[in-house]
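The values are calculated or read from the model by the stated rules, or taken from the named source; none is laboratory data. Remember, predicted model here, so these are calculated numbers, not experimental data. Positions of Cβ are backbone-derived with ideal geometry, glycine not excepted, and every protein chain shown enters the neighbour counts. For accessibility, only protein heavy atoms count, side chains too; no ligands or nucleic acids. Shrake-Rupley method; radii C 1.70, N 1.55, O 1.52, S 1.80 Å.
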Amino acid sequence: MTGTRILWGLLALLLGACAGNPDGYDTRLSGVVGFAEDVRFLADPGTGYVEAYVRFGADLPADVIIFVDQELLEGVTNHRWTKGGDWMAFVGFQRDGTVWVGGGSDAALAGTPSRERNWKLFELGQALLPDTWYRVRVTADFASRRFLGFAIEGGGLARHLDLSSIPLDYPNYMPFDRGSTIYLVGAVRARKWATQSGRPLVFFDDVVGAVRDGDRYRTVFANDFENQTTVGPQPVTLPVVKLDNYTMGWWYQENAASLFRIERRPFARSGAAVGVADVTLAK
């Protein structure tokens with residue numbers, strides 16, 4: 001496995017064979033990833049969620065997919081199911097109310113990385129409003145390796161989707177030296193689907209990752225974009241990726257082509273800064 005494959009492996013999470021050409025960026029996935037290492041949860045995985053606040057402007061093209069994602073990385077030592085396993089709970093959505101759930105398969109659960117997502121599509125029943133903060137949450141049970149639900153609230157919308165029939169996906173062998181959980185937010189746009197003009201920018205704030213601890217949830221990751229001014233590349237090493245090279249709770253670019261930055265905006269939900277996923281396609 002080359003360094004390029006590792007860096008672009010996360011790009012392939014979303015679109016599989018449609019991941020695009022890294023030189024032409026026919027698909028642009030702009031996201032950030034943060035790591036958490038909670039020893040108790042990793043020793044006995046259970047239910048967890050990722051939550052983020054999301055907004056966009058009136059000129060966001062309808063084809064842009066916004067996503068939130070949480071994953072359990074097993075590592076190459078003391079793994080539970082699969083050496084280097086990457087168990088992904090990914091949900092994307094568009095401003096028209098279409099929801100994309102990246103489901104897995106029996107083969108993936110048995111330890112064979114999937115080549116394409118087993119997409120499950122849902123409709124919220126109404127379009128999302130621009131210039132409005134939406135709170136979105138994806139909940140999954142990592143013990144059974146299944147989704148549990150997707151919730152979105154804001155702008156007069158409050159919907160919860162029951163996703164408990166959908167297994168998590170295993171999209172990539174990820175050779176980290178030990179286990180961790182990761183939390184991701186961002187957006188993606190593919191040239192083949194890009195039928196509208198506009199500014200393809202999506203804004204994020206107050207991202208939280210939490211795990212079930214008895215009768216409550218315990219926060220293991222929280223980042224509101226206030227403590228960083230830039231987002232750098234992941235400190236990948238080969239042939240094994242050393243988790244000690246990562247700062248827990250810090251944002252890293254999800255892939256080499258990610259256009260994700262931190263900006264000060266007057267509409268920040270908390271503090272002064274927001275994360276900006278820019279999915280501008282190359283000319």
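Entry comment: accessible area of the chain is 41 Å² per residue, from protein heavy atoms only and a probe of 1.4 Å. Its DSSP H runs of at least 4 residues, each contributing -39,500 (n - 2.57), put the calculated 222 nm mean residue ellipticity of the chain at -2000 deg cm²/dmol, to the nearest 500.
Would any residue of segment 52-82 have its amide N under 15 Å from a label point 7 Å out along Cα→Cβ of LEU157? List them or say none. Inside the label zone: 52-68. With a 1.4 Å probe rolled over the protein heavy atoms of all chains, the accessible area of ARG80, ARG264, ARG115, ARG189 falls in the order ARG115, ARG264, ARG80, ARG189, largest first.
Less than 9 Å Cβ to Cβ from VAL276, Lys/Arg counted +1 and Asp/Glu -1: what total charge do the surrounding residues give? Once all neighbours under 9 Å are counted, the net charge is 0.
Put a plus charge on the Cβ of each Lys and Arg, a minus charge on the Cβ of each Asp and Glu, and nothing anywhere else: the dipole of segment 169-257 about its Cα centre is then about 420 debye. Computed over the chain, the Cα gyration tensor eigenvalues convert (square root of 5λ each) into semi-axes of 26, 21, 19 Å, ordered from largest to smallest.
Cβ under 12 Å from LEU29's Cβ, LEU29 left aside: what net charge do those residues give with Lys, Arg +1 and Asp, Glu -1? Show your work: numbers first, answer last.
Numbers: positive: ARG28, ARG189; negative: ASP26, ASP69, GLU254, ASP278.
It works out to a net charge of -2.
Need one number: the % of Cα-Cα pairs in segment 175-263 sitting beyond the 16 Å mark. Let's see the in-between values first.
Details: 2563 of 3916 pairs.
Value for segment 175-263: 65 percent of Cα pairs lie more than 16 Å apart.
What's the local net charge at ASP177, with K and R +1, D and E -1, over the other residues with C-beta under 9 Å away? Neighbourhood net charge equals +1.
Can you pull out the chymotrypsin sites (Phe, Trp or Tyr not before Pro) in segment 173-264 that DSSP calls coil and that have at most 16 other Cβ atoms within 10 Å? Let's see the in-between values first.
Working: sites: TYR173, PHE176, TYR183, TRP193, PHE203, PHE204, TYR217, PHE221, PHE225, TYR246, TRP250, TRP251, TYR252, PHE260; in loops: TYR173, PHE225, TYR246, TRP250.
Sites meeting the loop and neighbour criteria: TRP250.
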